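In what follows, a single structure is set out as structure tokens and then discussed.
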Amino acid sequence: MTRKIERSIEELYQEDPERADAVVFGRKSETSDDPELGRRGFLGGAGLAAMSAAVGGAIPFAANMPGGMIPAANAQPAPAAPAKKGPVYLDFPGKDKGLVVIGERPLVAETPEHLLDDDTTPLSKFFIRNNGQIPAQAKEPDAWKIAIDGEVNNKLELTLGELKKKFKPVTRRMVLECGGNGRSFFTPTARGNQWTNGGAGCAEWTGVRVVDVLKAAGVKPSAVFSGHYGADPHLSGDAKRVTLSRGVPIKKLMDSNNLIVWAMNGEPLPNIHGGPVRLVIGGWPGSVSAKWLNRIWIRDKEHDGPGMGQTSYRVAIKPMVPGDKPDMKNFKDLESMPIRSIITSPSNGTKLAAGTREVKLRGAAWAGDNTVRRVDVSTDFGATWTRANVQKPKNRFDWQRWTATVKVPTDGYYEIWTRGTDSKGAMQPHTAGNWNPQGYGGNPMHRVAVLIG
Ligand SMILES: Nc1nc2c(c(=O)[nH]1)N[C@H]1C(S)=C(S)[C@@H](COP(=O)(O)O)O[C@H]1N2
Ligand SMILES: [Mo]
């Protein structure tokens, strides 16, 4: 008996992983009560042949394949909208056509892992995340005004021109990562843009230290938290509504790595990335790094702007039942981003010549406020691991590039897995854990399918 497959294999894995396994593996009966029938490790010749056909080659390490996990060869980038089949590629001035649109209004686009192969992410490949409308390009960048007010002794209103003159410029290579990066890996689906791993990039940012400007303003002892504001109009067009305004505890704000920046990779900050001037706060959700920055409000209590509170940028304190109604008392702000490692070469679905026995890998790893202690890679579904060579960061909040060479015994279908461990010992899990309604903190191991021969 064969049932017609109406849903995509990805959807089926989301909804009914056992049945998906049965379909992918060509198991004869979906309703068999023999628990071993259809288990990957116990596949007979017919099932294995069907699976091999599905992924395009023999699977030398089939016995190790975890049940219920969609093969990397079948995993696709998330479509922009449920109605659309397959990825929608970005068409935006100055941007690489390989970026994938994951939201159209507001415009959101991610960078597939293989386009993050540069040590410094070029402007053309840097992901885009907007919550509101994209403002018009500023005509006189140096006349742009930024206010520092609230719990300060001297309220400041500086133009960008003054900022450049009064404070010492510094350049830092830092990761900017959306708080929702990895959201698409949650089951059941979490609300929001369905990022895979591409809501991140690492650029050279030039600007002045936030702390230098704060010193000039004189922060009062009553200061507790900040509120960051940008000039982008609300999607509704209502001039009174703020698009997004998040902030950080004053201790984080004072970190000397935080910058008010006007240049990215040595170029004037592009409008789409918040030009002429934005904040860059390393290691924390990208949403605190306000684009089109026009105000830093120093507050005597936690901030309450749009994007703060409820389940926005917040994770469960005690694990909750996935998909359940949230208990609002059980949430805390997502602060440091979790460890993530990605394979940037080869790309998912790469075919290599028959007889290839060694594969060279390149990747990147980063870990929010922490550093990357190690990266390990596996070609046999996690049975054995090889330690990668991890480079040192250029400066704090930089990502760490890594390389590794792995050996494969025969031709066939392989999945290369990467698993990062941070400086505190936290390691990437197999699947996204600690489910929360808006899907923060999803950092499962990254996998790419490679077909040899
Ligand atoms: N003013 C403003 N700043 C913003 C946003 C926004 O919508 N408006 N989005 C934030 C979010 S959620 C992220 S992840 C980053 C994205 O920066 P990018 O578009 O330059 O990649 O900007 C942040 N700063
Ligand atoms: Mo974000």
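Give the shape of segment 387-453 as rounded, prolate or oblate, defined through the alpha-carbon gyration tensor: a ≥ b ≥ c are the square roots of its eigenvalues, a/c under 1.5 means rounded, and otherwise the shape is prolate if a/b is larger than b/c and oblate if not.
oblate
Quick one: compute the contact order of the chain, relative version, from alpha carbon pairs under 8 angstrom and 6+ residues apart, as a percent.
The normalised contact order for the chain reaches 16 percent.
Over 22 Å between C-alpha atoms is what I'm after, so list which of 392/424; 139/165; 291/332; 168/394 land there.
From 392/424; 139/165; 291/332; 168/394, over 22 Å: 291/332.
Rounded to the nearest 20 Debye, what is the dipole magnitude of the chain about its Cα centre when Lys and Arg each give +1 and Asp and Glu each give -1 at the C-beta?
The dipole of the chain has a size of about 1020 debye.
Considering the Cα positions of the chain, please state its Rg to one decimal place and its Dmax as a whole number of Å.
23.4, 77
Among 256, 312, 17, which residue has its Cα positioned farthest towards the positive end of the charge dipole of the chain, with +1 placed on the Cβ of Lys and Arg, -1 on the Cβ of Asp and Glu, and the dipole taken about the Cα centre?
256
How many angstrom lie between the Cα centre of segment 288-319 and the Cα centre of segment 323-395?
Cα centres, segment 288-319 to segment 323-395: 27 Å.
Taking the solvent-accessible surface of protein heavy atoms with a 1.4 Å probe, what is the per residue accessible area of the chain in Å²?
Ligands and nucleic acids excluded, the figure is 44 Å² per residue.
If you take the charge dipole of the chain about its Cα centre, with +1 on Lys and Arg Cβ and -1 on Asp and Glu Cβ, which of 194, 286, 440 is farthest toward its positive end?
286
List the extent of the Cα atoms of segment 339-387 along each of their three principal axes, largest first, rounded to whole Å.
Taking the Cα atoms of segment 339-387, the three principal extents are 43, 22, 14 Å.
Would you work out the charge dipole size for segment 340-452 about its Cα centre, treating the Cβ of every Lys and Arg as +1 and the Cβ of every Asp and Glu as -1, and quote it to the nearest 20 debye?
Rounded to the nearest 20 debye, it is 380 debye.
Dividing the convex hull volume of the Cα atoms of segment 272-348 by its residue count, what figure in Å³ per residue is obtained?
Convex hull of Cα atoms, per residue: 177 Å³.
Throw me the Rg/Rh for segment 123-215, computed over C-alpha atoms with Kirkwood Rh, two decimals.
1.07
Which whole-angstrom value gives the distance between the alpha carbon centres of segment 128-205 and segment 211-275?
Answer, in whole Å: 7.
Which number do you get for Rg(Cα) / (2.2 N^0.38 Å) in segment 340-452?
1.10
Counting only protein heavy atoms and a 1.4 Å probe, tell me what percentage of the chain's accessible area is made up of carbon and sulfur.
Using a 1.4 Å probe with all protein chains present, the chain comes out at 52 percent carbon and sulfur.
Of 224, 339, 185, which is farthest on the positive side of the dipole of the chain, counting Cα position, with +1 on Lys and Arg Cβ, -1 on Asp and Glu Cβ, and the Cα centre as origin?
Value: 224.
What pairs in 95/145; 145/240; 145/166; 95/252 have C-alpha atoms more than 23 Å from each other?
On the way: 95/145 28 Å; 145/240 19 Å; 145/166 14 Å; 95/252 32 Å.
Too far apart for the 23 Å limit: 95/145; 95/252.
Considering only the chain, what is the antiparallel percent among its DSSP beta bridges, to the nearest 5?
Here the share of antiparallel DSSP bridges comes out near 90 percent.
FRET efficiency for residue 138 and residue 360, Cβ-Cβ distance as r, R0 = 60 Å, nearest 0.05?
0.85
Note down the magnitude of the dipole of segment 266-395 about its Cα centre, charges +1 on Lys and Arg C-beta and -1 on Asp and Glu C-beta and zero elsewhere, to the nearest 20 debye.
320
The values are calculated or read from the model by the stated rules, or taken from the named source; none is laboratory data. Owing to the predicted nature of the structure, the values given are computational and were not obtained by experimental measurement. A quick note on method: Cβ atoms are made from the backbone with ideal geometry, for glycine too, and the neighbour counts reach across all protein chains shown. The accessibility values were calculated without ligands, DNA or RNA, using every heavy atom of the protein model including side chains. Shrake-Rupley method; radii C 1.70, N 1.55, O 1.52, S 1.80 Å.
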